[in-house]
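Presented below is the structure to which this report refers.
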Amino acid sequence: MGLKADRWIRYMAQQHGMITPFVPEQVRSNVISYGLSSYGYDIRIADEFRIFTPNPYNTVVDPKAMDERSMIVFQGERCIIPPNSFALGRTVEYFRMPPDTLGIVMGKSTYARCGLVLNVTPLEPAWEGYVTLEISNTTPLPAVIYANEGIGQVLFFQGDEVCEVNYAQRKGKYQGQTGVTLPRVD
């Protein structure tokens, strides 16, 4: 990375729009932390969710044909995920990944210690958009996540050179996503 990791992230966010909005320091006071960290960036979850719930339609979760009746659309500051279920959300931050950089989204230990798991998600070189997040409640109890607070961390890995074909060049199906995006098959 040439620059120290936190300086490189700050430079790429402020000069090249890699993360918008960008918070240049850790915000920690009475919230689950978010903002720039030592080797990554702690992302926030927005206030829009799709929550999977027991449904009377006997729908099947199918990545090729998602039946939206299996979930409810919810907007609010606190999202309650039913026991042994999950919710989809999106980041507050919009990402524009450089063509020589891969990001990996990982969960925060604060939520993991409560049985809430954030799916590991790659941000491929030259991908851009809001990140759709998958949060699983592995407990037998309802669990709360807080909108506009930290939910995970992005770790950045810069390659020695640009990859031959990046996400934008291959016209990836999630390029430019703006909201909570359901699975797609090309």
**Study point:** Unique residue being within 25 Å of Asp160 (Cα to Cα) and surrounded by fewer than 17 Cβ atoms within 10 Å (Cβ to Cβ) when the list is Gln15, Gln26
**Key:** Gln15
Check your understanding: Counting only residues that are at pLDDT 95 or above and touching a Ser or Thr at 6+ places or on another chain (Cβ under 7 Å), which one in segment 84-111 is surrounded by the fewest Cβ atoms within 10 Å (Cβ to Cβ)?
Key -> Tyr94
Review point. Out of (1) within 30 Å of Leu141 (Cβ to Cβ); (2) assigned to a strand (DSSP E or B), what's the single condition that is false for Tyr41?
Key: (1)
Check your understanding: Within the set of pairs 6+ apart or on separate chains, which have a first residue in segment 68-94 that is in contact (Cβ under 8 Å) with a residue 24 or more places away in the chain and over 8 Å from Ile51 (Cβ atoms), a second that is of a type in the set (D, E, K, R) and outside any strand (DSSP E or B), and C-beta atoms under 8 Å apart?
Key -> Gln75/Asp47; Gly76/Asp47; Glu77/Asp47
Point to revise | Positions within segment 168-181 being farther than 16 Å from Asp100 by Cα and surrounded by 15 or more Cβ atoms within 10 Å (Cβ to Cβ), in sequence order | key: Gly172, Tyr174, Gln177, Val180, Thr181
Practice item. Filter segment 1-35 for residues that are at pLDDT 95 or above, over 18 Å from Pro125 (Cβ atoms), among the hydrophobic types (A, V, I, L, M, F, W, C) and assigned to a loop (DSSP other than H, G, I, E, B) and give the result. Key: Phe22, Val23, Val31, Ile32
Exercise for review: Scan segment 154-167 for residues that are surrounded by 14 or more Cβ atoms within 10 Å (Cβ to Cβ) and modelled with pLDDT of 90 or more and report the count.
Suggested key: 4
Review point. Quick one: would you say Ala112 is at positive phi, of a type outside the set (Asp, Glu) and over 14 Å from the mean Cα position of the chain (by Cα)?
Key: no
Review point. Are any residues in segment 6-54 touching a residue at least 40 places away in the same chain (Cβ under 8 Å) and aromatic (Phe, Trp, Tyr), and if so, which ones?
Key: Trp8, Phe22, Tyr34, Tyr39, Tyr41, Phe49
Exercise for review: For residues that are within 17 Å of Thr121 (Cα to Cα) and of a type outside the set (A, V, I, L, M), tally how many sit in segment 138-186.
Suggested key: 19
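The values are calculated or read from the model by the stated rules, or taken from the named source; none is laboratory data. The structure displayed is predicted, hence computed values, not measured ones. A quick note on method: Cβ atoms are made from the backbone with ideal geometry, for glycine too, and the neighbour counts reach across all protein chains shown.
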